[in-house]
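Only one structure is covered here, and it is reproduced in the block below.
The values are calculated or read from the model by the stated rules, or taken from the named source; none is laboratory data. This is a predicted model, so every value here is computed, not measured. Glycine gets a Cβ as well: all are built from the backbone with ideal geometry, and neighbour counts include every protein chain shown. Calculation scope for accessible area: heavy atoms of the full protein, side chains included, ligands and nucleic acids excluded. Shrake-Rupley method; radii C 1.70, N 1.55, O 1.52, S 1.80 Å.
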Number of protein chains: 6
Amino acid sequence: MFSVTVREHLMIAHSFQGEVFGPAQRLHGATYVVDATFRRAGLDADGLVVDIALAAAELAAVIGELNYRNLDEVSEFAGINTSTEFLAKVIADRLADGIRAGRLGEGAAQGLSQVAVTLHESHIAWASYERDL
Amino acid sequence: MFSVTVREHLMIAHSFQGEVFGPAQRLHGATYVVDATFRRAGLDADGLVVDIALAAAELAAVIGELNYRNLDEVSEFAGINTSTEFLAKVIADRLADGIRAGRLGEGAAQGLSQVAVTLHESHIAWASYERDL
Amino acid sequence: MFSVTVREHLMIAHSFQGEVFGPAQRLHGATYVVDATFRRAGLDADGLVVDIALAAAELAAVIGELNYRNLDEVSEFAGINTSTEFLAKVIADRLADGIRAGRLGEGAAQGLSQVAVTLHESHIAWASYERDL
Amino acid sequence: MFSVTVREHLMIAHSFQGEVFGPAQRLHGATYVVDATFRRAGLDADGLVVDIALAAAELAAVIGELNYRNLDEVSEFAGINTSTEFLAKVIADRLADGIRAGRLGEGAAQGLSQVAVTLHESHIAWASYERDL
Amino acid sequence: MFSVTVREHLMIAHSFQGEVFGPAQRLHGATYVVDATFRRAGLDADGLVVDIALAAAELAAVIGELNYRNLDEVSEFAGINTSTEFLAKVIADRLADGIRAGRLGEGAAQGLSQVAVTLHESHIAWASYERDL
Amino acid sequence: MFSVTVREHLMIAHSFQGEVFGPAQRLHGATYVVDATFRRAGLDADGLVVDIALAAAELAAVIGELNYRNLDEVSEFAGINTSTEFLAKVIADRLADGIRAGRLGEGAAQGLSQVAVTLHESHIAWASYERDL
């Protein structure tokens with residue numbers, strides 16, 4: 001199994017609902033350093049898992065929809081705690097949509113079998129979500 | 001599959017028995033930077049894999065039992081080489097015990113499916129152990 | 001010259017005023033990984049620059065005043081862009097106050113000559129402020 | 001499942017063929033920080049996944065065959081794009097050969113079940129290949 | 001004293017002349033992870049050391065002149081060993097030229113007092129050059 | 001001013017004397033990731049701060065004198081707390097001795113002006129010592 005990973009980052013504000021969150025119930029924010037991993041069983045004709053420039057551009061586009069936002073005001077997330085693990089899934093699902101739509105190339109749409117996303121929220125905590133394509 | 005990881009560190013002394021260990025047969029020590037990963041298929045009602053504050057506290061408690069010790073004098077490890085990979089299993093097993101005992105919450109006891117522990121012994125070497133719950 | 005550095009982190013929301021900030025004029029947030037460095041010419045009677053437990057606790061206390069807050073609503077920062085470099089100075093100045101007040105011990109109050117603070121806002125950008133005591 | 005990872009690095013020149021590579025079609029180069037991971041279900045009689053000194057020496061030997069070379073002139077790679085993911089497989093396969101040949105010890109030859117290799121090409125991109133033994 | 005640092009990377013091929021370089025006399029290459037630091041005594045009217053977007057764009061432009069090249073064929077470097085420390089100075093000097101030319105803004109041209117550049121050539125070696133403006 | 005840094009690591013056991021050290025009064029240990037920095041105003045005839053292979057070998061030799069030892073039993077350190085900052089000075093002073101003795105080459109003996117050593121004791125704490133030559 002092969003994989004390629006590209007890294008970007010995302011800066012947002014949000015708050016959490018529920019006593020379990022303690023002071024994080026207040027409006028605060030985070031930088032997420034985001035690692036997106038693309039997996040497939042074999043390489044394409046160019047010897048690649050994916051065109052890394054396309055992969056980086058698509059990750060940047062997905063992150064651009066969320067970047068510099070207060071997630072408490074994003075209607076799609078109304079009533080949801082936008083936890084690190086939840087956001088990892090949001091980004092992975094949007095990357096999967098892009099792959100299926102051919103935005104990483106036709107070869108990738110057919111060849112890639114899995115995507116995984118890790119969000120580092122600090123030097124001591126991170127969360128991941130991985131899924132099949 | 002979702003996961004959340006928290007990081008702590010551990011400082012111990014020990015020595016190894018066996019010619020394969022060369023100078024590490026002498027009493028020496030290590031800092032282990034410890035990453036504990038908790039995995040589950042879906043998120044709980046708060047949108048979480050695990051209450052990260054509880055997870056960090058439990059990891060700190062497990063590490064606290066070993067921290068600032070000479071492992072050669074810990075009776076539980078008598079006659080055992082406390083290698084990095086061995087210690088990864090010790091910590092993973094103790095975390096698993098804590099999860100089953102409900103110390104990370106009832107939801108975690110039921111929802112978590114796997115725990116993995118990585119110990120970084122330097123910038124050029126690390127070891128892991130992962131197990132089902 | 002000796003130095004000791006301890007690391008913590010800080011999660012806040014804020015927005016910036018001025019066209020130069022582009023999309024960062026919107027309410028967003030950041031994790032700052034904070035490195036606080038303490039410098040002095042010689043070591044104390046215990047062979048230390050500073051009691052590292054006290055230094056870590058004081059850094060945590062200073063960060064605790066800002067953590068999980070929307071800095072746009074902190075009266076002390078009204079009308080100020082709470083840039084990474086600005087926040088580095090806020091934290092360094094508060095650490096300097098604590099050192100002078102003896103919160104890192106009497107020896108530190110007399111022996112330390114400089115404090116420096118670096119805030120990492122992502123994997124590709126950080127800012128620092130350093131000052132004499 | 002246990003694993004042990006050792007890190008080395010590799011500095012090479014090469015160029016790529018295909019419009020997808022843009023400016024990387026020119027002769028350029030890279031430092032690859034190489035992580036080699038060895039996996040097995042249980043520990044050996046010394047409490048180890050593998051003799052880490054042997055593992056590090058074997059990784060250094062495999063890398064030494066490629067290090068400080070222009071891969072465009074290595075006959076084995078004629079007509080092949082020596083992408084990061086391709087090179088991860090080259091190194092993993094050579095490590096697998098070494099394991100089977102007993103160069104990591106007889107116990108490793110029998111006990112190890114999997115090898116994985118990650119090549120970091122920069123702070124924002126890396127690629128991996130993993131295989132059974 | 002305040003500073004802001006931005007990170008980019010650079011991938012080149014080159015060879016060295018002189019027995020001291022051993023196997024690095026062969027054509028090989030490197031990824032340099034490049035940190036550019038800008039220093040000044042006080043902040044500007046926006047509360048900044050420098051417009052970080054301009055700083056990042058200028059660093060990218062300076063690196064773009066060298067990126068994906070065989071430095072042995074760059075006429076400006078004929079007869080010169082393009083060591084890591086030498087390249088740190090090349091980049092720092094070009095950044096200094098850009099600052100003086102106003103490409104980081106008029107405030108930066110007047111307010112910045114120093115620039116420093118660090119090139120990481122692997123996980124175990126890096127080099128820096130710093131200069132006044 | 002130019003600098004070059006090389007990284008190695010050191011694994012020791014020790015204990016501390018004094019109530020300030022709390023549980024670290026027990027025999028324990030540490031991995032120190034050691035960064036040694038060599039500084040000079042100009043480059044030598046090869047375009048270098050120092051022959052990096054010689055610098056790395058000398059750092060390894062200095063560390064080899066301490067590695068895999070219980071520092072409580074090293075007579076040179078009797079009655080001394082072998083704190084991270086103290087050990088940074090020990091290593092820096094021994095490197096300075098080596099430079100003056102010509103072990104990094106004649107050019108380095110004359111050209112280098114400063115040495116600095118940083119010891120990382122964990123992911124959240126490190127200490128440095130720097131001195132003139």
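Summary of computed values
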| quantity | calculated |
| --- | --- |
| Cross-link table B:Lys89/C:Lys89; A:Lys89/C:Lys89; D:Lys89/F:Lys89; C:Lys89/E:Lys89, entries beyond 32 Å C-alpha to C-alpha | B:Lys89/C:Lys89; A:Lys89/C:Lys89; D:Lys89/F:Lys89 |
| Whole-Å distance, taken between Cα centres, linking the range C:1-39 and the range B:23-92 | 31 |
| Percentage relative contact order, the range C:89-133, counting C-alpha pairs under 8 Å, at least six apart | 39 |
| Label 7 Å beyond Cα on the Cβ vector: C:Ile80 copy-to-copy distances, nm | 3.7, 4.3, 4.3, 5.3, 5.9 |
| Nitroxide proxy distance, nm - points 7 Å out along Cα→Cβ at E:Ala78 and E:Met1 | 3.9 |
| Relative contact order of the range A:1-72, pairs being alpha-carbon contacts under 8 Å that are 6 or more residues apart, as % | 45 |
| Crossing angle, helix E:84-100 versus chain E [Cα axis fit, 0-90 degrees, rounded to tens] | 30 |
| Calculated label separations, C:Asp132, copies of the chain, 7 Å along the beta-carbon direction, nm | 1.8, 1.8, 6.7, 6.8, 6.9 |
| Percentage, to the nearest whole number, of Cα pairs in chain F over 17 Å apart | 58 |
| Size of the C/F contact, given as accessible area buried on both chains, probe 1.4 Å, in Å² | 1300 |
| Accessible area in the full protein assembly, largest first, 1.4 Å probe, for B:Ile91, F:Ile80 | F:Ile80, B:Ile91 |
| 7 Å along Cα→Cβ, label-point gaps from E:Ser113 to other copies, nm, shortest first | 1.8, 1.8, 5.9, 5.9, 6.2 |
| When the range A:32-88 is reduced to its Cα atoms, the Kirkwood hydrodynamic radius in Å | 13.7 |
| Nearest residue to the symmetry axis between C and D, taken on chain C by its Cβ, in whole Å | C:His123, 3 |
| The range A:62-110: trypsin sites (Lys or Arg not before Pro) in DSSP coil with no more than 10 other Cβ atoms inside 10 Å | none |
| Sorted largest first, extent of the protein assembly as shown alpha carbons per principal axis (Å) | 67, 64, 63 |
| A:Ser113-D:Ala61 pseudo-label distance in nm [points 7 Å out on the Cα-to-Cβ vector] | 3.2 |
| Taking chain A and dividing mean pair separation by its residue count, relative contact order in percent (alpha carbons under 8 Å, at least six apart) | 30 |
| Sum of -39500 (n - 2.57) over DSSP H runs of 4+, divided by residues of the protein assembly as shown (222 nm, nearest 500) | -8500 deg cm²/dmol |
| 0 to 90° range, to nearest 10: angle between helix E:52-64 axis and chain E longest Cα axis | 20 |
